[in-house]
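Colleague: Structure below; questions to follow.
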Amino acid sequence: MSDVGIFGAYFTCFITLPNFLFSIFNTVFFPSASKVVDKSNIFMKLNKVILVFAVLGLPTIVGLGFLLFKLYGVRYTFNFELGLIFAFTSLLIFIDSTYGWLMNSVGEKGAKITSFSAVVLAIVNVLLSFLLIPSLGLRGAVIAMIISYFFSISIMILNKRVIKSVV
């Protein structure tokens, strides 16, 4: 089995399907957040929710991903380390997406920050992929994603004052 096929299987089981479920949260969250004038309270509560979700979500995603991965059959051997780092990446994508939705609910300033963080995420991911994949293979691709999402999330957290400036 090639690394591309293995990457696709892990990505589907640990990122695509869990983030489909996360999108349900964001579909409800965004309209609710848009109605609130003082979004700083939402930001504070969101930080707590994300922490709890990360603690509970990581083992849930690993378990769910493992079950989904088994559907690929015996040709795909499950690797716990890969499952864990893909599950961690999935959580980062959820966090990035949720902060992005909150930023977008602020208006144009928030959307600009979200767009900027997405551009940084893409550039960092491409550069790190070129650097890490040749030496680390599949793990390098996932590590590049993890670092890229950390950059994106950091940009939004560091710009939380935009949320407060709308009040």
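Please treat every number below as a calculation from the coordinates, not as lab data. Bear in mind the structure is a predicted one, so any value in this text is a computation, not a measurement. Glycine gets a Cβ as well: all are built from the backbone with ideal geometry, and neighbour counts include every protein chain shown.
Colleague: Length gain on complete extension for the stretch TYR76 to SER2, per 0.36 nm per residue less the alpha carbon to alpha carbon distance? Display every interim value, and only then the final one.
Modeller: Working: separation 74, 0.36 × 74 = 26.64 nm, distance 1.03 nm.
That pair, TYR76 and SER2, stretches by 25.6 nm at full extension.
Colleague: Could you compute the FRET efficiency for VAL119 and LYS48, with r as their C-beta to C-beta distance and R0 at 25 Å, rounded to 0.05?
Modeller: Details: r = 29 Å, r/R0 = 1.16.
Given R0 = 25 Å and the Cβ-Cβ separation, E is 0.30.
Colleague: Dividing the alpha-carbon Rg of the chain by 2.2 N^0.38 Å yields what? Present the calculation step by step, with values, prior to reporting the outcome.
Modeller: Working: Rg = 17.0 Å, N = 167, 2.2 N^0.38 = 15.4 Å.
Relative to the rule-of-thumb radius for its length, the chain sits at 1.10.
Colleague: I've got another one for you. Given points 7 Å out from each Cα along the Cα-Cβ axis, report the PHE66 to PHE151 separation in nanometres with one decimal.
Modeller: 3.4
Colleague: What's the magnitude of the charge dipole for segment 1-152 around its Cα centre, counting Lys and Arg as +1 and Asp and Glu as -1 at the beta-carbon? Answer in Debye, nearest 20.
Modeller: Rounded to the nearest 20 debye, it is 240 debye.
Colleague: Take the chain, connect every pair of alpha-carbon atoms lying under 10 Å apart with a spring to form a Gaussian network, then pick out the residue of ILE50, ILE123, ILE113 with the largest mean-square fluctuation.
Modeller: ILE123
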